[in-house]
Amino acid sequence: MSLEIIPTGAAIGAEIRGADLSQPTHAADFEALENAFNEHGVIFFRNQTLTPEHQLDFTRRLGDVLFNTFGDSHGLPECPGIVVISNVVQEGREIGVRRAGDAWHSDMCY
């Protein structure tokens, strides 16, 4: 993987190019991603196609996954560590946390 780390130019943040998070990340590349996160505070990856399992696998490399309190009611059945954020209602039931982004962040205290 050939990584490119592009600072946003703002106070925090960098875009990571050249990463395919659906594939195993080699130790050296993962270290570069961690270093970018530590340096820039926020990193983002465009155009990723990830299964819930891919997302959790990558997240677990960063540390223990702390389950959101909404996981019981709005987590994916096969991956309760991933909470659905949606305003869609099906058969009278919200399929996700409807107002998750109303506050300054959507992840509660996590």
Taking GLN55 as the residue in question, decide whether it is touching a strand residue (DSSP E or B) at 6+ places or on another chain (Cβ under 7 Å) and of a type in the set (S, T, N, Q).
-> yes
Scan region 69-88 residue by residue and report those that are open to solvent by less than 50 Å² (accessible area, probe 1.4 Å) and either in contact with a Cys (Cβ under 9 Å, 6 or more places away or on another chain) or of a type outside the set (S, T, N, Q) (or both).
-> GLY71, HIS74, GLY75, LEU76, CYS79, GLY81, ILE82, VAL83, VAL84
Considering only region 41-59, state which residues are open to solvent by less than 70 Å² (accessible area, probe 1.4 Å) and in a helix (DSSP H, G or I).
-> PRO52, HIS54, LEU56, PHE58, THR59
By residue number, the members of region 4-46 that are touching a Leu at 6+ places or on another chain (Cβ under 9 Å), closer than 12 Å to ARG61 by Cβ and of a type in the set (A, V, I, L, M) are LEU21, LEU33
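The values are calculated or read from the model by the stated rules, or taken from the named source; none is laboratory data. Predicted, not measured: the structure shown is a model, and the values here were computed from it. Heads up, the Cβs are rebuilt from the backbone with ideal geometry, glycines too, and the neighbour counts pull from every protein chain shown. Note: accessible area is taken over every heavy atom of the protein model, side chains too, but ligands, DNA and RNA are not part of it. Shrake-Rupley method; radii C 1.70, N 1.55, O 1.52, S 1.80 Å.
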